[in-house]
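The values are calculated or read from the model by the stated rules, or taken from the named source; none is laboratory data. The model shown is predicted, which means the values in this text are computed figures rather than measured ones. Note: ideal-geometry Cβ built from the backbone for every residue, glycine included; neighbour counts use all protein chains shown.
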Amino acid sequence: MRLTYAIEYVADMDRAIGFYRDKLGLELKFQSPFWSEFATGETVLALHPASEKNAAGSIELGFSVDDLGEFYSRRDQVGVEFTGEPKEEHGLHIAQIRDADGAHVSVSGPI
């Protein structure tokens, strides 16, 4: 398992991009109104608009595994709570789990 994304939910995409790019000097890889990414080494900083479900300033971690189906099949054995079955999104298999404090965490793997 590898940490691949840190996703920050933002109130204003342009303002957030300006902060990370212009003030912190991060390299902007991709920008859109709904998803933006910065090159930060092995782990990508991603920005996503805040919503009722994800308040501005909240963070979600995104991990990747080699075989999400296999990881999902062992969920009871390893004691991981999935909030839904893995589904195909954006060219990956993606699922949401809850960490020890109930925070949402993304886990993805190749199709």
- Could you list, in sequence order, all residues of the range 1-50 that are more than 21 Å from S108 (Cα to Cα), free of Cβ contacts under 8 Å to residues at least 12 places away in the same chain and of a type in the set (D, E)? D12, D14, D22
- Would you check which residues across the range 32-61 are among the charged types (D, E, K, R) and buried (at least 17 other Cβ atoms within 10 Å of the Cβ) and list them? E37, E60
- Item | Flag for G57 being at positive phi and modelled with pLDDT under 95 | no
- Note on the structure: For the range 3-18, the count of residues that are exposed (fewer than 11 other Cβ atoms within 10 Å of the Cβ) and closer than 20 Å to G41 by Cα equals 0
- Message: Quick test for you: out of V78, V65, pick the one residue that is surrounded by 15 or more Cβ atoms within 10 Å (Cβ to Cβ), hydrophobic (A, V, I, L, M, F, W, C) and at negative phi.
- Response: V65
- Mind listing whichever residues of the range 96-111 are over 10 Å from the mean Cα position of the chain (by Cα), closer than 18 Å to I59 by Cβ and part of a strand (DSSP E or B)? I97, R98
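Quick one: which of I7, I17 is modelled with pLDDT of 95 or more, among the aliphatic types (A, V, I, L, M) and touching a His at 6+ places or on another chain (Cβ under 8 Å)?
I7
Residue by residue, here is whether (1) farther than 13 Å from A6 by Cβ; (2) at pLDDT 95 or above holds:
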{"position": "K29", "(1), (2)": "yes, yes"}
{"position": "F63", "(1), (2)": "no, yes"}
{"position": "A103", "(1), (2)": "no, no"}
{"position": "V107", "(1), (2)": "yes, yes"}
{"position": "I111", "(1), (2)": "yes, no"}
